[in-house]
Amino acid sequence: MFEGLSDRLSGILSGLTRRGALTEADVTAALREVRRALLEADVALEVVRSFTEKVREQAVGAVVLKSVTPGQMVVKIVNDQLVAMLGGEAGIIDLNAPAPVGILMVGLQGSGKTTTTAKIARRLTQRDKRRVLLASLDTRRPAAMEQLAVLGKQVGVETLPIVAGQSAVQIARRAMEAARLGGFDVVMLDTAGRVTLDEALMQEAADVKAATNPHEVLLVADALTGQDAVNTARAFDGRLGVTGIVLTRMDGDARGGAALSMRAVTGKPIKLVGTGEKVDALEEFHPARVANRILG
Ligand code: GDP
C-alpha cells in the first residue's frame, strides 16, 4: 500500500552522514515527504500547510542525537507534533450537569449518527450505569425514527414513543420533560441528517439546541470524508458550538487524516471513534495510534 514516512525520510536524508544540526535544506526535503504523507492520509490542504510550518520551526537547527538518523529525528518531531495537535487525553462524554443531561447528536446523513447514538447509549448504560432516554428528531424520515427504536431495543435503552405530526423542537422538549418525570440521567437527541450541509438542517438543530440547552453537542463524522471533513466540522461548529467529535468508520481504510483536520479547524476534542457496525464497536480516541496511522 503506502511506503511509510520513516522509510521515505531515511531514503531522502541518507546522504546526510554527518551529525549535527538539521539544516534548512534537510528540513525542506523532509517536509516535502511529510506533506505527501499527510495528503495521502487525507488531511485537508490548509491543515497540512499549518502543520508543516510548525514542524519546520521545530526541526530547523534541531540537533540530531547520536543514537538516531536524521530521518528518524524528523519522524519523531512530526510524530510528537501530530500527537500534540490531535489532543492530549482520550476524551470522555461529560455528564457533569444536573439531570437529565442533554446530548445533542449532529452530523451529515450516512455519517453513522444513529448507530453512534445507540453505541454511546449502550456505553453510558452498561459502563457508567446511567439511565438513558433516546429520541429521534428526524421527522421527515420515519425509517430513521424506527431505526433508532430498533437499535435502542437492541442495547436495552428506552426510546421516546413517536407522536406523529410533532416538530423536532416539540419532540426534543417532550423528551426532556419525559426524562425529568421518569428520572432519567441522560437524554440523547438524534437530529435529522442531510446528505449535504444545508441551512434548514442547521436551523433546525440550532432551534433544538436553544430549546433544550444540551450539555454536549457531539458531531458525528465519517473518517473517510477526507478533504470535506474541514468544511463539515467548520459548518457544524460555527453554527452549533460542537463540544466534541466522534469519528466513525475507523475500522476501514481511513488513514485518519480527517481527525487531524477536524481537530485543527475546530479545536474541539475527538472523544470517541466508531470501529464497526455493531453496537459495541466504539472506542476511546488515542492520539498516538491515529498519529501512527496518519504517518503510515
Ligand atoms: P446516519 O444516517 O448518520 O444516522 O447513519 P447510520 O447510523 O444509519 O449509519 C449508516 C451506516 O454506517 C450503517 O450501515 C451503519 O451500520 C454504518 N456504520 C456506522 N458507524 C460505523 C463504523 O464505525 N464502522 C462501520 N464500518 N460502519 C459504521
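Conditions tested, residue by residue: (1) touching a Ser or Thr at 6+ places or on another chain (Cβ under 9 Å); (2) more than 13 Å from the ligand (Cβ to nearest atom); (3) under 24 Å from Ala258 (Cα atoms); (4) not β-branched (Val, Ile, Thr).
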| position | (1), (2), (3), (4) |
| --- | --- |
| Pro142 | no, yes, no, yes |
| Leu160 | yes, yes, no, yes |
| Gln166 | yes, yes, no, yes |
| Ala172 | yes, yes, no, yes |
| Ala200 | no, yes, no, yes |
| Val208 | yes, yes, no, no |
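Would you mind finding the one in Asp80, Asp42 that is in a loop (DSSP other than H, G, I, E, B) and in contact with a helix residue (DSSP H, G or I) (Cβ under 9 Å, 6 or more places away or on another chain)? Step through it out loud before you land on a result.
On the way: Asp80 fails: in a loop (DSSP other than H, G, I, E, B).
It is Asp42.
Results for (1) more than 16 Å from the ligand (Cβ to nearest atom); (2) basic (Lys, Arg); (3) modelled with pLDDT under 90, shown as yes or no for each residue.
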| position | (1), (2), (3) |
| --- | --- |
| Met73 | yes, no, yes |
| Gly87 | yes, no, yes |
| Ile93 | yes, no, no |
| Asn96 | yes, no, no |
| Ala121 | no, no, no |
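Assess whether Lys268 counts as being of a type outside the set (Gly, Ala, Ser), more than 24 Å from Asp7 (Cα to Cα), in contact with a helix residue (DSSP H, G or I) (Cβ under 9 Å, 6 or more places away or on another chain) and within 15 Å of the ligand (Cβ to nearest atom). Please lay out each step first, then the result.
Numbers: of a type outside the set (Gly, Ala, Ser): yes; more than 24 Å from Asp7 (Cα to Cα): yes; in contact with a helix residue (DSSP H, G or I) (Cβ under 9 Å, 6 or more places away or on another chain): yes; within 15 Å of the ligand (Cβ to nearest atom): no.
No, not satisfied.
Restricted to region 94-115, and to residues that are outside any loop (DSSP other than H, G, I, E, B) and touching a Ser or Thr at 6+ places or on another chain (Cβ under 6 Å), which residue is surrounded by the fewest Cβ atoms within 10 Å (Cβ to Cβ)? Steps first, answer last, please.
So the first thing to find is which residues in region 94-115 are outside any loop (DSSP other than H, G, I, E, B), and the list is 101-106, 113-115.
If we keep only those that are touching a Ser or Thr at 6+ places or on another chain (Cβ under 6 Å) as well, we get 102, 105-106.
Numbers: Gly102: 23, Met105: 27, Val106: 27.
Here the residue is Gly102.
Of Arg140, Arg130, Arg122, which residue is outside any helix (DSSP H, G or I) and in contact with a helix residue (DSSP H, G or I) (Cβ under 7 Å, 6 or more places away or on another chain)? Can you show your working first?
Values: Arg140 fails: in contact with a helix residue (DSSP H, G or I) (Cβ under 7 Å, 6 or more places away or on another chain); Arg122 fails: outside any helix (DSSP H, G or I).
Result of the check over Arg140, Arg130, Arg122: Arg130.
The rows are residues; the columns are (1) surrounded by fewer than 17 Cβ atoms within 10 Å (Cβ to Cβ); (2) modelled with pLDDT of 95 or more.
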{"site": "Val132", "(1), (2)": "no, yes"}
{"site": "Gln147", "(1), (2)": "no, yes"}
{"site": "Val150", "(1), (2)": "yes, yes"}
{"site": "Leu160", "(1), (2)": "no, yes"}
{"site": "Val163", "(1), (2)": "yes, no"}
{"site": "Arg173", "(1), (2)": "yes, yes"}
{"site": "Glu177", "(1), (2)": "yes, yes"}
Cross-chain or 6+ apart pairs with Cβ under 9 Å, region 1-25 first and surrounded by 16 or more Cβ atoms within 10 Å (Cβ to Cβ), then at pLDDT below 65: Leu22/Leu16
Just a yes or no: is a residue in region 268-280 over 11 Å from the mean Cα position of the chain (by Cα), over 23 Å from Gln147 (Cβ atoms) and not aromatic (Phe, Trp, Tyr)? no
If we take region 191-290, then strands (runs of 3 or more DSSP E) inside it with 3 or more residues that are buried (at least 20 other Cβ atoms within 10 Å of the Cβ) and hydrophobic (A, V, I, L, M, F, W, C) are 216-222, 244-248, 270-274
Can Arg56 be described as in contact with a Lys or Arg (Cβ under 9 Å, 6 or more places away or on another chain), at negative phi and not in a loop (DSSP other than H, G, I, E, B)? no
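Going by the structure shown, is Thr243 farther than 19 Å from Ala41 by Cβ, touching an Asp or Glu at 6+ places or on another chain (Cβ under 7 Å) and away from the ligand (no atom under 13 Å from the Cβ)? Step through it out loud before you land on a result.
On the way: farther than 19 Å from Ala41 by Cβ: yes; touching an Asp or Glu at 6+ places or on another chain (Cβ under 7 Å): yes; away from the ligand (no atom under 13 Å from the Cβ): yes.
When the stated conditions are applied, Thr243 passes them.
The values are calculated or read from the model by the stated rules, or taken from the named source; none is laboratory data. Because the structure is a prediction, the values reported are computed rather than measured. Cβ coordinates were reconstructed from backbone atoms using ideal geometry, including for glycine residues, and neighbour counts include every protein chain displayed.
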